[in-house]
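**Q** Attaching a single structure in structure tokens format; questions to follow.
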Amino acid sequence: MAKSALLKSSLAKKYWMAASGLFLCLFLVGHLLGNFQLMIKPVAENGIANIAQEQFNFYAHFMTTNPLVKVLSYVTYLSILFHAVDGILLTIQNKKARPVDYVKNNPSANSVWTSRYMGILGTLILVFIIIHMYAFWGAMHFRLEPNYVLVDGTIVKDLYPEVFGAFKNSLGYTLLYVVCMFPIGFHLSHGFASAFQTFGLNHKKYNSIIKYTGLAFSILVPAAFAIIPLYIHFIL
Ligand code: HEM
């Protein structure tokens, strides 16, 4: 009985991991599309406003004040927390279930390395998210005062120089972002397809579609995130 409860709870954990993970994949796509605005060339419009600054500040203001987006943001924070805590618990549970590797165990032949290091990759991503949110989300929510006047007269927080300047003025910061996209890519290369398997989508017809979509997602999304700081630092 106790054993079946344990199995049930570990299965439930896997479902929650898969659901929160897929939601975070959607978040990544939305976040990436919004961030592309940072690649607009910062030029003055009629000598008055910087178009890129105007547009990004308008976007950041909308993202922090629109009630629907606010709800989505809270779901995102909860998903990150849930995914991280559940992931740590599952890793511990798996280690406890098999504290010593089988004598003839040959992990590299039986599974890809990313699947065995999901816990470590996830922890690296969590460290990145903490550093990242402290820098930009922290500035937007706690450190900046509203002082930038949009063309329509609305006074908003001037997040643009914080983000643009962080990459433009520091090669180290730019490279940090590029390096941090690797654990995200490796984590997604296993996690994306694995989430579909958890939900039982395990069919000859769809397996290769899911596998290659996951692979494409895990390469294209982190690569696109990495291009933004590089483009700001070296080209804009
Ligand atoms: C080029 C790379 C990236 C840039 C320039 C960037 C920029 C930003 C900015 C400016 C904010 C603050 C937005 C605001 O509060 O209005 C933010 C928030 C956030 N970023 Fe990123 N980001 C990048 C990559 C990532 C990646 C790869 C992840 C996840 C692995 C991530 C996760 C988050 C989260 C969770 C928030 C808080 C979202 C919210 O408040 O709803 N970011 N990012």
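The values are calculated or read from the model by the stated rules, or taken from the named source; none is laboratory data. Computed from a prediction, not measured in an experiment: that's the story for all the values here. Using ideal geometry, Cβ is built from the backbone for each residue, glycine included, and neighbour counts are taken over all protein chains shown.
**Q** List the residue pairs whose Cβ atoms are under 8 Å apart, where the first residue sits in region 216-233 and is more than 12 Å from Val178 (Cα to Cα) and without any contact (Cβ under 8 Å) to a residue 40 or more places away in the chain, the second is among the polar types (S, T, N, Q) and in a helix (DSSP H, G or I), and the two are 6 or more positions apart or on different chains.
**A** Qualifying pairs under 8 Å: Ser218/Ser189; Ile219/Ser189.
**Q** Here's a follow-up. Would you point out which residue out of Ala52, Ala44, Ala60 is surrounded by 12 or more Cβ atoms within 10 Å (Cβ to Cβ) and away from the ligand (no atom under 12 Å from the Cβ)? Full working, then the answer.
**A** Working: Ala44 fails: surrounded by 12 or more Cβ atoms within 10 Å (Cβ to Cβ); Ala60 fails: away from the ligand (no atom under 12 Å from the Cβ).
Just a single option satisfies the conditions, and that option is Ala52.
**Q** Sticking with this structure for a sec: Scanning for something surrounded by fewer than 17 Cβ atoms within 10 Å (Cβ to Cβ) and either within 12 Å of the ligand (Cβ to nearest atom) or of a type in the set (Lys, Arg) (or both), does region 184-201 turn up at least one residue?
**A** No, because not a single residue in region 184-201 is surrounded by fewer than 17 Cβ atoms within 10 Å (Cβ to Cβ) and either within 12 Å of the ligand (Cβ to nearest atom) or of a type in the set (Lys, Arg) (or both).
**Q** Tell me, please, whether a residue that is modelled with pLDDT of 95 or more, touching a strand residue (DSSP E or B) at 6+ places or on another chain (Cβ under 6 Å) and within 9 Å of the ligand (Cβ to nearest atom) can be found in region 117-130.
**A** No, the conditions are met nowhere in region 117-130.
**Q** Can you pull out the residues in region 131-163 that are surrounded by 13 or more Cβ atoms within 10 Å (Cβ to Cβ), within 11 Å of the ligand (Cβ to nearest atom) and under 12 Å from Ala60 (Cβ atoms)?
**A** Phe136, Trp137, Ala139, Met140, Leu144, Val156, Lys157, Leu159, Tyr160, Glu162, Val163
**Q** Within region 153-161, is there a residue that is at pLDDT 95 or above, of a type in the set (Val, Ile, Thr), part of a helix (DSSP H, G or I) and more than 24 Å from Leu26 (Cα to Cα)?
**A** The answer is no, given that none of the residues of region 153-161 is at pLDDT 95 or above, of a type in the set (Val, Ile, Thr), part of a helix (DSSP H, G or I) and more than 24 Å from Leu26 (Cα to Cα).
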